[in-house]
Amino acid sequence: MTYFVFFLGACFVIGILGVASNPSPYYGVVGLVLASVAGCGWLLSLGVSFVALVLFMVYLGGMLVVFVYSVALAAEPFPEAWGDWRVAGYAGALAAVVLVGLVLGGVVGSWGFGVVTVDSVGMFVVRLDFSGVAMLYSRGVGMFLVAGWGLLLTLFVVLELVRGLSRGAIRAV
Amino acid sequence: MSPLHLSFYSAFVLSRLGLAFHRTHLVSALLCLESIMLSMFVGLTIWPIENQTPSFTIVPIIILTFSACEASTGLAILVASTRTHSSDHLHNLNLLQC
């Protein structure tokens, strides 16, 4: 089980490597989907199922769908693919930079194995993540209202940014 | 460093390098910003698990909220650039070029 969680962690890093070295935004989105699925599986294996599902719904279902539509809007009709030697060299160079940093930082020599999970025991059998996020609405109500205000503000910001030069007229994109 | 901490830390470093070295498209830089946020979210969620402090679980939820705001603003800039220059190539953003 521990090695399965490590495998998910490795898939996370490989997905992010795919995003950082993408030949075209279409393949970058594929890497981001792989990374978020691996991250969600990782959080599920550690026990925080609520936060993992929030990640799935808000991140994959909300933000990435909007991103995919925007990639379809803005990217080019004949994209490069993964098989180009420049892309492979780019990904290899990024991975080499990270590995050199790890070796120089002395991280690779001292690995501590083990995974900490989340199931709480005792009289009040409430899961850690459920009770924690529920505190957002009781103890953290100030931050909750600030976040809601920020979201409303962002709506108007986006509306103003895409309004275009001719104030309010609809133009063909 | 435990291997799982290494995993999201190196994912963060890779996304930052990808943001610094993005080549042609603006949307590639925005995707790297999203992956920075994803690695931060996973790291911030591991913290309350390992320290058994439920109240810290609020922080990744708030981070996700503000990252949605940031992603939508970035995509609005992308749409504005596509409307003006008919593509999101970075060499179009050259107003400050001497």
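The values are calculated or read from the model by the stated rules, or taken from the named source; none is laboratory data. Note that the coordinates shown come from a computational prediction; the quantities given were computed from them, not determined experimentally. Heads up, the Cβs are rebuilt from the backbone with ideal geometry, glycines too, and the neighbour counts pull from every protein chain shown. Only protein heavy atoms, including side chains, enter the accessible area calculation; ligands, DNA and RNA are left aside. Shrake-Rupley method; radii C 1.70, N 1.55, O 1.52, S 1.80 Å.
Quick check on region A:70-92: of everything there that is part of a helix (DSSP H, G or I) and touching a helix residue (DSSP H, G or I) at 6+ places or on another chain (Cβ under 9 Å), which residue is surrounded by the fewest Cβ atoms within 10 Å (Cβ to Cβ)?
Applying the filter and picking the extreme gives A:72.
What number of residues in region B:47-65 are more than 7 Å from chain A (Cβ to nearest Cβ) and hydroxyl-bearing (Ser, Thr, Tyr)?
Total meeting the criteria: 1.
Among the residues of region B:54-68, which ones are of a type in the set (Ser, Thr, Tyr) and modelled with pLDDT of 90 or more?
B:57, B:65, B:67
Going through region B:69-98 one residue at a time, which ones are more than 7 Å from chain A (Cβ to nearest Cβ), modelled with pLDDT under 90 and in a helix (DSSP H, G or I)?
Passing the criteria: B:81, B:84, B:85, B:90, B:91, B:92.
Among B:33, B:44, B:38, B:26, which is in contact with a Phe, Trp or Tyr (Cβ under 9 Å, 6 or more places away or on another chain) and more than 7 Å from chain A (Cβ to nearest Cβ)?
Testing whether each residue is in contact with a Phe, Trp or Tyr (Cβ under 9 Å, 6 or more places away or on another chain) and more than 7 Å from chain A (Cβ to nearest Cβ) leaves just B:44.
Note down all Cβ pairs under 6 Å where the first residue falls in region A:154-168 and is open to solvent by 50 Å² or more (accessible area, probe 1.4 Å), the second is of a type in the set (S, T, N, Q) and at pLDDT 75 or above, and they're at least six residues apart or on different chains.
Final answer for the pair search is A:157/B:73.
Six or more apart or on different chains, Cβ under 7 Å: which pairs go from a residue in region A:84-113 that's aliphatic (A, V, I, L, M) to one that's at pLDDT below 70? Could you list them?
Once the first residue is aliphatic (A, V, I, L, M) and sits in region A:84-113, its partners that are at pLDDT below 70 give A:102/A:108; A:107/B:1.
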